[in-house]
Amino acid sequence: MTGANMLHVPYRGGGPALTAVLSGEIDALVGVPVVLGPQIKAGKLRAIGITTPKRTNVLPGVPTIAESGVPNFDVSSWNGVLVPTGTPPEVIARLNAAFNKTLADPQVRAQLAEAGYEVVGGTPEKLSRFIASELAKWRPVVKKVNLHVE
């Protein structure tokens with residue numbers, strides 16, 4: 001969205017990537033607040049912006065990228081529960097009910113919020129629509145930069 005020319009350097013997880021940025025092996029890192037937050041709070045890293053549309057409760061003083069001048073910037077990581085095609089609908093319904101019940105628990109919600117997660121929950125159909133919207137959002141980016149699965 002900004003036209004910045006950056007090289008993606010893959011690491012095997014947030015820990016090795018964090019070590020690389022702290023040691024000067026790489027110049028910048030996009031990561032999750034729960035991993036980077038302690039280093040930011042200790043003054044070892046400088047947070048430039050939050051990639052989600054709204055600020056995170058883990059680092060409330062860090063502006064969003066949109067607030068910093070790139071309108072509509074939204075790069076959010078998310079988690080969902082998926083099952084193999086052909087899983088019986090009654091099994092899917094039971095799993096969905098159990099996950100939503102767990103996500104409604106105040107203690108679970110508080111622990112997830114402390115880690116920087118926004119708890120959503122919902123239906124399998126809602127997740128399917130969300131995945132379709134994410135694919136539609138990222139398809140032009142993948143095409144523009146000519147990405148391929150290796």
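Between Trp78, Trp138, the distinction of being over 22 Å from Val35 (Cα atoms) and loosely packed, with under 13 Cβ neighbours inside 10 Å belongs to Trp138 only. So for segment 85-92 (the condition being under 24 Å from Arg139 (Cα atoms) and not assigned by TED's automatic domain parsing to the domain that holds His8), does at least one residue qualify? Scanning segment 85-92 turns up at least one residue that is under 24 Å from Arg139 (Cα atoms) and not assigned by TED's automatic domain parsing to the domain that holds His8.
Applying the set (1) assigned to a loop (DSSP other than H, G, I, E, B); (2) at pLDDT 90 or above to Glu90 leaves exactly one unmet item: (1). The condition (being over 30 Å from Asn5 (Cβ atoms), free of Cβ contacts under 8 Å to residues at least 60 places away in the same chain and aliphatic (A, V, I, L, M)) is satisfied by just one residue among Ala93, Ala136, Ala66: Ala93. Take the conditions (1) in a helix (DSSP H, G or I); (2) without any contact (Cβ under 8 Å) to a residue 24 or more places away in the chain; Pro10 misses just one of them, which is (1). State which residue is surrounded by the most Cβ atoms within 10 Å (Cβ to Cβ) when the search covers only segment 96-115 and only residues that are assigned to a helix (DSSP H, G or I) and touching a residue at least 12 places away in the same chain (Cβ under 8 Å). By that ranking, first place goes to Asn96. Looking at the structure I just gave you, is Gly43 outside any helix (DSSP H, G or I), out of contact with any Ser or Thr (no Cβ under 7 Å at 6 or more places or on another chain), surrounded by 12 or more Cβ atoms within 10 Å (Cβ to Cβ) and not charged (D, E, K, R)? So Gly43 fails the test. Surrounded by 14 or more Cβ atoms within 10 Å (Cβ to Cβ) and out of contact with any strand residue (DSSP E or B) (no Cβ under 6 Å at 6 or more places or on another chain): does that describe Leu7? No. No other residue among Ala20, Ala66 is surrounded by 12 or more Cβ atoms within 10 Å (Cβ to Cβ), outside any loop (DSSP other than H, G, I, E, B) and out of contact with any Leu (no Cβ under 7 Å at 6 or more places or on another chain) apart from Ala20.
The values are calculated or read from the model by the stated rules, or taken from the named source; none is laboratory data. As the structure is a prediction and not an experimental result, all values here were calculated from the model. Every residue, glycine as well, gets a Cβ built from its backbone with ideal geometry; the counts of neighbours run over all protein chains shown.
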